[in-house]
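Notes to accompany the following structure.
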């Protein structure tokens, strides 16, 4: 039997229960659709929950001296071409019909990751709308 273990890239401890990956992506402000992923040096980076909380605190902390709180590095953006952008409505319809992210990705000509991010983003939007109405929804994507 093969055991897969993950090591936190920040503290170098084994992640035993839950961990996170930080995956930056771009979205269209007008439509809310995911328009591509930011190219990062290493997509296979994992963090324990304690380190994730510290990273998020650092990102959200206001700058103390007027400079940015995190060193800015040049980032290459990889956008889907306009004709390749995900149709969030179709993705959500297939998701609600019980399709797996893999099947949706095949149908839409996208990656599983893009489908997952689209669903997660749309569910978050719905959750925020529903919270104002006093309703909450959750699904396998944690939203």
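Give the residues of the stretch 90-143 that are at pLDDT 80 or above and not in a helix (DSSP H, G or I), sorted by residue number.
97, 98, 99, 100, 109, 110, 111
Here's a check for you: in the stretch 42-82, which residue that is over 21 Å from residue 6 (Cβ atoms) and in contact with a strand residue (DSSP E or B) (Cβ under 7 Å, 6 or more places away or on another chain) is modelled with the highest pLDDT?
80
Kindly indicate whether residue 13 is free of Cβ contacts under 8 Å to residues at least 12 places away in the same chain and either surrounded by fewer than 13 Cβ atoms within 10 Å (Cβ to Cβ) or touching a strand residue (DSSP E or B) at 6+ places or on another chain (Cβ under 9 Å) (or both).
For residue 13, the condition - free of Cβ contacts under 8 Å to residues at least 12 places away in the same chain and either surrounded by fewer than 13 Cβ atoms within 10 Å (Cβ to Cβ) or touching a strand residue (DSSP E or B) at 6+ places or on another chain (Cβ under 9 Å) (or both) - is not met.
The values are calculated or read from the model by the stated rules, or taken from the named source; none is laboratory data. Everything numeric here is computed off the predicted structure, so don't read it as measured data. Note: ideal-geometry Cβ built from the backbone for every residue, glycine included; neighbour counts use all protein chains shown.
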